[in-house]
1. For volume of the Cα convex hull per residue in Å³, pick the label among [x] 73; [y] 58; [z] 91 that corresponds to the value derived from the coordinates.
2. Once the piece of chain linking H35 and N63 is laid out straight, how much longer is it, given 0.36 nm per residue of separation minus the C-alpha distance between them?
3. So what are the ³J(HN,Hα) numbers for the stretch 25-37, from phi and the Karplus equation (6.51, -1.76, 1.60; θ = phi - 60°), rounded to whole Hz, Gly and Pro as x?
4. Given 0.36 nm per residue, what is the gain on full extension from I71 to N22 after removing their alpha carbon distance, in nm?
5. Between N22 and residues 5 or more places away or on another chain, which pairs have amide H atoms under 5 Å apart, with H built 1.01 Å from N, and which residues are they?
6. Dipole of the stretch 2-74, Cα-centred, from +1 at each Lys and Arg C-beta and -1 at each Asp and Glu C-beta, to the nearest 20 debye?
7. Check the stretch 2-74 and count each lysine pair with an alpha-carbon distance under 16 angstrom, considering only pairs eight or more places apart or from different chains.
Amino acid sequence: MFVDAPLIKEKQGIGVHLMVVNGDQFARDIDAAVHEKAREGYELMNSMPIESSKSVMGSYTYNFTSGIMLIFKKEGT
């Protein structure tokens, strides 16, 4: 299951806006996804952050977390 990271703009420098993760909302979204799958009889086995990159002003590139992949397995298997 992929959970998108909610991004917000953060002002940096000379009119450059970088996208950063809204950590509080992201944590709530992940928690809700884990609880939803637990109600369906699955347990969380692994999680992997998914990174993306963005170019700003053509020369500066930065990486950010665009989401997280949650790996579940059916309980009892």
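We did not get these values from a lab; they are worked out from the coordinates using the rules stated. The model shown is predicted, which means the values in this text are computed figures rather than measured ones. When we count neighbours, we look across all protein chains shown, and the Cβ atoms used for this are built from the backbone with ideal geometry, even at glycine.
1. [x]
2. Details: separation 28, 0.36 × 28 = 10.08 nm, distance 2.90 nm.
Length difference between fully extended and current span is 7.2 nm.
3. Ordered by residue, 3J(HN,Hα) equals 5, 4, 4, 5, 5, 5, 4, 5, 5, 5, 5, 4, 5 Hz.
4. On the way: separation 49, 0.36 × 49 = 17.64 nm, distance 2.22 nm.
Between I71 and N22, full extension yields an extra 15.4 nm.
5. L7, I8
6. Numbers: 8 positive and 9 negative charges, 22 e Å.
My answer is approximately 100 debye.
7. On the way: K9/K54; K11/K54; K37/K73; K37/K74.
So the count of such lysine pairs works out to 4.
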